[in-house]
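K.L.:
My structure is below; once you've seen it, I'll send some questions.
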Amino acid sequence: MLGGGGLVAANVVASATEEGGTDSAQTLSTPAGTIDCPDVGTKLTNVPEGAKEDVAKELALLDQQIADAYQRLMNAGQAIEQDKAFAENSIMTPLKEKRAATIERIAIAVDRQGDRPEGLDALAACTLRAPESSAPAEQPSDGGQQSGDGQGDAGQGDAGQGDAGQNGDNGQNGNGGQAGNGPVAADYVDIKSVQPNVSEPAVRKGGSSGSFATSCGVNENGLFNSDNVIVAPGVSNGAHHFHDYIGNQSNTAFASDEDLANADTSCVDKSDKSTYYWPVLRLQNGKQEQDANKPGGGIEGNAGEIVQPKEVTLNFVGNPQSKVTEMPRLLRIITGDAKAFVNGPANANASWSCTGFEDRQLKDKYPLCPQGSDVVRSFKFQSCWDGQNIDSANHRAHVAFAAADGSCGNGFKAIPQLVQRIVYDVDAPSLQDGGRTTPLFAVDSFPEQLHKPVTDHGDFINVFDEKLMSEMVDCINEGRTCGVGAGDGGGDPGQEEPTEAPTTPPADNGGDGGGNGDGGGKGDDETQPPATEEPATEEPTTPPADNGGDGGKGDGGQDNGGQDNGGQDNGGGQNDGGGKNDDGGNGGAGAGQPQDDEPTVSSTVAPKSSGEPDAGNDEGGDEADAIGTPAQTQPPTSDTDSLTGGARAQAVGGDLAETGTSLWPAAGGAVLLIAGFVVLMRTRRYAR
């Protein structure tokens, strides 16, 4: 399961530039290709309850044996150069013997409680997989499926998965990356070169079209570890890489079901104590993190600065074919395959993209996003359940993905599908100098998986309160949009638009404008019509943003996060017309209705994208103007603002002296009019 790399000396400093100069970014190379071991865990489909603990510990030991062998291989460069049989005799053969003994203990443990599994003995031997040096250094991915071209032994389409050690990889000799085991330049592709590849099945009669959101933060608590309570319960460092955790705060390998049920949660709705976790994303910039010299961290090739997500959205959606049923409490789901680099893509489920380009998804590449666009990782979890089990021996058999039309086969039932979206504010790395100018980024992985993007995965344990789960199912089946923090990614407001717009508009990206929730805040019902935009009276001085804006905290929906109503800077912030009870990011320059906990003074800020007053004026703004609520002014932020919005703000929010100056001429005119009327009446009376 070792990563790609040429048969070169370990710890050789290699250049990452095309010229191969010694003054460029320096990386360590590995001595050989990856160690490819059969995944024993996936072959275990039936483990008796009484044997599960012993089997889990033995499976974790198999992972440790591979990691140890990989480390020895990295340190054996000189010996391998002197004796080509050294790796096979001194590393691979001992690994096979250790694995055979461990696999035998697994078979015995199962045999004590039930039927002895057959065929496990053949899984002991591993292969030292050399790099596919004939593969091109950089090959655009199709973004949707694993490419059949340049596949390695494991069937990977990662531009030839052995790219990690080839000299043709932008001159990079060895695996690259801060710890010497990846990533490499060929692991990245420009998102603009990927064709749109996202399609969704239409919801049919009898389907469930609603959605339910839960908001659990972005791991502000800094909860990390290299355990995996699902795959390796009771085993410290069972994952061999660091995880981000949100939701349940008792996530360790030793947490019992009772511990999870009694734990605190980072979720806004405290009835959601579910656990959500995934491998951390790191910048390969040399920073020493808390795990720099520990298992799961730097010792196992996971090095560099951990990046906190900018936002995380957790949505549960329905099934296009049928109604959904409640998830059982403590249901465990793993999506993706942490070992997909050597296992092959059968269970891989990685999806990488960029904000503004999310109709283009990459499976085996990291995206290079244009300036102003953020990296997006997304996971769509399995949405069919066998109706009986909360877990299975291989942690996969009890759940399944729906067919292309949304149907569940083999008697499985449709359950709410967790759709997880994680956004990072990271710049596209400078591949030409191996990340020296702008660092490479990659997910943590098992050391032999080389930080390949195809290994990305997510984990979920359902610890929803049963009443809240019932409400979720009713909401989804009735076609409503519900949940605390719907559309609220918990990230920074005011995200900048991409500098270069995609050639094809994104399919499902209605912008990230909107107020503090579901395309317009908490408490909105999806049946509520979007606010009508006021017609413009003059051409805007600056064209509106293409993508619905990225102004507010949450994701403005397709309808209510439009160009003006959820605009880039008018994105319906909490005070500017996108308040808790308003629809979408409808607050523009006009004073939007304030939140309950805000003072009743609306903010008047000239929009960057509109040259006229109250662009995107909402009902709250009109109401505020009608009752005469004074508006605060703010200084213009640009020359355009000073010429347009600044003058308007001054007219709306002038002080008392200005108001008096405007009223005195009008009052004088009124007095003269009344006097003339009196004289006229008296003249008519005398005439009689």
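K.L.:
Would you mention how many residues in the stretch 70-83 are outside any helix (DSSP H, G or I) and in contact (Cβ under 8 Å) with a residue 12 or more places away in the chain? Write out each step before concluding.
P.N.:
At the first step, the residues of the stretch 70-83 found to be outside any helix (DSSP H, G or I) are 75-76, 83.
So of that shortlist, the ones also in contact (Cβ under 8 Å) with a residue 12 or more places away in the chain come out as 75-76.
The total comes to 2.
K.L.:
Checking the conditions here, which among V203, V229, V218, V198 is buried (at least 22 other Cβ atoms within 10 Å of the Cβ) and β-branched (V, I, T)? Even if it seems obvious, please write down each step before you answer.
P.N.:
Numbers: V203 fails: buried (at least 22 other Cβ atoms within 10 Å of the Cβ); V218 fails: buried (at least 22 other Cβ atoms within 10 Å of the Cβ); V198 fails: buried (at least 22 other Cβ atoms within 10 Å of the Cβ).
Going through V203, V229, V218, V198 in turn, the sole match is V229.
K.L.:
While we're here: Those residues that are crowded, with 23+ Cβ neighbours inside 10 Å and in contact with a Lys or Arg (Cβ under 6 Å, 6 or more places away or on another chain), I need them from the stretch 375-386; list them, please.
P.N.:
W385
K.L.:
Does P429 fit the bill of being within 19 Å of G318 (Cα to Cα) and over 18 Å from the mean Cα position of the chain (by Cα)? Please lay out each step first, then the result.
P.N.:
On the way: within 19 Å of G318 (Cα to Cα): no; over 18 Å from the mean Cα position of the chain (by Cα): yes.
So P429 does not fit the description; no.
K.L.:
While we're on this one: For the stretch 85-114, what are the residues that are touching a residue at least 40 places away in the same chain (Cβ under 8 Å) and open to solvent by 70 Å² or more (accessible area, probe 1.4 Å)?
P.N.:
E88, R105, R112, Q113
K.L.:
Condition first: among the acidic types (D, E) and in contact (Cβ under 8 Å) with a residue 60 or more places away in the chain. Now tell me which residues in the stretch 203-234 satisfy that. Working first, answer last.
P.N.:
Residues of the stretch 203-234 that are among the acidic types (D, E), as a first pass: 220, 227.
Hit for the stretch 203-234 is E220, nothing else.
K.L.:
Can you run down the residue pairs with Cβ atoms below 8 Å, 6 or more apart or on separate chains, where the first is in the stretch 42-69 and in contact (Cβ under 8 Å) with a residue 60 or more places away in the chain and the partner is surrounded by fewer than 22 Cβ atoms within 10 Å (Cβ to Cβ) and of a type in the set (D, E, K, R)?
P.N.:
T42/R396; N46/D115; G50/R112; A51/R112
K.L.:
Moving to a separate point now. Looking only at the stretch 239-258, count every residue that is open to solvent by less than 10 Å² (accessible area, probe 1.4 Å) and part of a loop (DSSP other than H, G, I, E, B) and tell me the total.
P.N.:
Taking the stretch 239-258 first, the residues open to solvent by less than 10 Å² (accessible area, probe 1.4 Å) are 239-241, 243-248, 251, 253.
When the remaining residues are screened for being part of a loop (DSSP other than H, G, I, E, B), the result is 239-241, 251, 253.
Selection size over the stretch 239-258: 5.
K.L.:
If you take just the strands (runs of 3 or more DSSP E) that sit entirely in the stretch 259-331, which of them hold at least 2 residues that are within 17 Å of N248 (Cβ to Cβ)?
P.N.:
Numbers: elements: 275-279, 281-283, 305-307, 311-317.
Those strands (runs of 3 or more DSSP E) span 275-279, 311-317.
K.L.:
Can you find a residue in the stretch 422-439 that is touching a Phe, Trp or Tyr at 6+ places or on another chain (Cβ under 8 Å), open to solvent by less than 30 Å² (accessible area, probe 1.4 Å) and part of a helix (DSSP H, G or I)?
P.N.:
yes
K.L.:
Please tell me if D272 is farther than 27 Å from P453 by Cβ and open to solvent by less than 10 Å² (accessible area, probe 1.4 Å). Talk me through it step by step, then tell me what you get.
P.N.:
Numbers: farther than 27 Å from P453 by Cβ: yes; open to solvent by less than 10 Å² (accessible area, probe 1.4 Å): yes.
Yes, satisfied.
K.L.:
Report, by residue number, each residue of the stretch 400-413 that is assigned to a strand (DSSP E or B) and open to solvent by less than 10 Å² (accessible area, probe 1.4 Å).
P.N.:
none
K.L.:
In the set N349, N285, which member is within 29 Å of D425 (Cβ to Cβ), open to solvent by 10 Å² or more (accessible area, probe 1.4 Å) and at pLDDT below 95?
P.N.:
Values: N349 fails: at pLDDT below 95.
Matching residue, one of N349, N285: N285.
K.L.:
Being in a strand (DSSP E or B) and either open to solvent by 10 Å² or more (accessible area, probe 1.4 Å) or β-branched (V, I, T) (or both) is the filter here; which residues of the stretch 206-215 pass it? Show your work before the answer.
P.N.:
Step one: of the stretch 206-215, the residues in a strand (DSSP E or B) are 211-214.
Passing the criteria: S211, F212, T214.
K.L.:
When only residues in the stretch 108-124 that are part of a loop (DSSP other than H, G, I, E, B) and touching a helix residue (DSSP H, G or I) at 6+ places or on another chain (Cβ under 6 Å) count, which is farthest from V55 (Cα to Cα)? Before you say what the answer is, go through the steps one by one.
P.N.:
Of the stretch 108-124, the ones part of a loop (DSSP other than H, G, I, E, B) are 114-119, 124.
Adding the requirement that they be touching a helix residue (DSSP H, G or I) at 6+ places or on another chain (Cβ under 6 Å) leaves 116-117, 124.
On the way: R116: 13, P117: 12, A124: 16 Å.
Ranking the candidates gives A124 first.
K.L.:
Quick one: in the stretch 432-452, which of the residues that are among the β-branched types (V, I, T) and farther than 15 Å from V280 by Cβ is farthest from the chain's Cα centre (by Cα)? I'd like the intermediate steps shown before the answer.
P.N.:
As a first pass, look at the stretch 432-452 and keep what is among the β-branched types (V, I, T): 437-438, 443.
Filter once more, so that each one left must be farther than 15 Å from V280 by Cβ: 437-438.
On the way: T437: 25, T438: 21 Å.
The selected residue is T437.
K.L.:
Which numbered condition trips up A164, out of (1) assigned to a loop (DSSP other than H, G, I, E, B); (2) at pLDDT below 90; (3) buried (at least 16 other Cβ atoms within 10 Å of the Cβ)?
P.N.:
All conditions are met except number (1).
The values are calculated or read from the model by the stated rules, or taken from the named source; none is laboratory data. Keep in mind it's a predicted model, so treat the numbers as computed, not measured. When we count neighbours, we look across all protein chains shown, and the Cβ atoms used for this are built from the backbone with ideal geometry, even at glycine. Ligands, DNA and RNA are excluded from the accessible area calculation, which covers all protein heavy atoms including side chains. Shrake-Rupley method; radii C 1.70, N 1.55, O 1.52, S 1.80 Å.
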